[in-house]
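**Student:** Encoded as structure tokens, here's the structure I'll be asking about.
The values are calculated or read from the model by the stated rules, or taken from the named source; none is laboratory data. This structure is a prediction, so every number in the text was calculated from the model and none was measured. For neighbour counting, all protein chains shown are included, and Cβ atoms are generated from backbone atoms with ideal geometry for every residue, glycine included.
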Amino acid sequence: MARAGIRQANFSSARCIVELGAGTGPITAEIVKRLEARTQFLALERDPDFVRVLNNRFPSSANVRILQADVSHLDSILNDQGIAQHGVDCFVSGLGTPSLPGSVRNSMFAAVKKYLRPDGIFSNITEVPLYYLNFYKSIFEHVSFQFVAFNMPPGGVYHCRGIR
């Protein structure tokens with residue numbers, strides 16, 4: 001599922017990748033393996049125990065930062081990190097985005113809309129295949145779904161472009 005979550009990210013040209021809800025780092029590990037030295041990578045995780053795990057697994061470097069943060073503050077986080085000047089090429093989310101509280105989800109998508117580059121992508125893993133397709137179509141112009149049968153439990157990834 002982690003590899004599917006980043007499948008549409010263009011690592012050769014990306015200047016900034018942001019992971020939302022990094023957990024213990026399965027997606028983070030796939031990103032770090034492919035990350036170019038010039039690409040800035042931010043992994044956001046709210047839970048302090050998970051942040052400790054992430055910091056042990058992925059020490060901070062010039063282009064990798066693990067931040068203890070809540071996505072409801074995504075706009076100020078990205079602004080503080082200097083992302084405004086070039087934007088985000090790829091957001092990868094491990095969050096149950098549609099089930100987030102409405103105010104958190106709205107804040108998060110307002111920031112995604114503000115910072116996602118016009119050719120950028122928002123990818124969100126899910127264990128509920130196709131259930132939220134209409135939800136993502138209400139936010140993005142182009143939505144595809146990639147089923148991942150060999151995950152336990154099976155799931156998939158919504159790949160979204162062209163935020164409305």
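**Student:** Test each condition in (1) exposed (fewer than 14 other Cβ atoms within 10 Å of the Cβ); (2) part of a helix (DSSP H, G or I); (3) not polar (S, T, N, Q) for Ala62 and report the one that comes out false.
**Tutor:** Every condition holds for Ala62 apart from (2).
**Student:** Looking at segment 1-31 only, could you name the residues that are in a loop (DSSP other than H, G, I, E, B), crowded, with 21+ Cβ neighbours inside 10 Å and of a type outside the set (A, V, I, L, M)?
**Tutor:** Within segment 1-31, Gly21, Gly25 qualify.
**Student:** Restricting to segment 65-107, name every residue that is part of a strand (DSSP E or B) and of a type outside the set (S, T, N, Q).
**Tutor:** Across segment 65-107, the qualifying residues are Arg65, Ile66, Leu67, Val88, Asp89, Cys90, Phe91, Val92.
**Student:** Let me ask something additional. Among the residues of segment 32-46, is any in a loop (DSSP other than H, G, I, E, B), of a type in the set (A, V, I, L, M) and more than 22 Å from Phe140 (Cβ to Cβ)?
**Tutor:** yes
**Student:** Among the numbered conditions (1) in contact with a Pro (Cβ under 9 Å, 6 or more places away or on another chain); (2) farther than 17 Å from Glu19 by Cα; (3) not in a loop (DSSP other than H, G, I, E, B), tell me where Gly156 comes up short.
**Tutor:** Only one criterion in (1) in contact with a Pro (Cβ under 9 Å, 6 or more places away or on another chain); (2) farther than 17 Å from Glu19 by Cα; (3) not in a loop (DSSP other than H, G, I, E, B) is unmet by Gly156, namely (2).
**Student:** Here's another thing I want to ask about it. Looking at segment 80-87, is at least one residue at pLDDT below 95, among the polar types (S, T, N, Q), under 19 Å from Met108 (Cβ atoms) and more than 14 Å from the chain's Cα centre (by Cα)?
**Tutor:** Checking segment 80-87: at least one residue is at pLDDT below 95, among the polar types (S, T, N, Q), under 19 Å from Met108 (Cβ atoms) and more than 14 Å from the chain's Cα centre (by Cα).
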